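Only one structure is covered here, and it is reproduced in the block below.
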């Protein structure tokens, strides 16, 4: 299986997966992000205890890329410190901008690395980065 095909499969699976797409009444952080140019929107919810993100979830609607990006991000954040989450957001955004290309660094993004090809599709960049910008706002 070609790497592009594997990445496409990951994006499709995450965009349809419901485990991270849910309400979280016990959230300690909540922030709504909107991409007005295409209508994507998410509400990110985090439950932080003692500086560690114990749970991450989102609700919203949008294209497969925005929803997959939110799901992958939620998986990646659980169990991380808030500071680590901020660093991962910067790493992801750097990958999309093309500023970070070191494979060893990018491996830390786990499945979210599958979205790096979005950088070649300018109309889809805002879709992929919406959850990550929402995360940054949520942790301010």
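Only the coordinates and a few stated rules stand behind these numbers; no lab work does. None of the values given here were measured: they were computed from a predicted structure. So basically every Cβ, Gly included, is an ideal-geometry build from the backbone, and we count neighbours across all protein chains shown.
Points worth noting:
- Computed over the chain: relative contact order in percent, which uses C-alpha pairs under 8 Å that are six or more apart: 27 percent
- Nearest-0.05 FRET efficiency for residue 61 and residue 26, computed from C-beta distance (R0 25 Å): 0.60
- Nearest 10 degrees, 0 to 90: helix 64-77 Cα axis against the chain principal axis: 60 degrees
- Angle between the chain longest axis and helix 3-16 axis [Cα atoms, degrees, rounded to 10]: 30 degrees
- Backbone N under 20 Å from the residue 137 label point (7 Å along Cα→Cβ), restricted to region 29-54: 29-48
- Extending 7 Å from the Cα toward the beta-carbon at both residue 120 and residue 18 defines two label points whose distance is 3.5 nm.
- Region 1-60-region 63-140 distance, computed between alpha-carbon centres (Å): 11 Å
- Diffusion constant of the chain at 25 °C, which comes from Stokes-Einstein with the Kirkwood Cα-pair radius and 0.890 mPa s, µm²/s: 166 µm²/s
- Using alpha-carbon coordinates, inclination of helix 82-97 to the longest axis of the chain, degrees: 20 degrees
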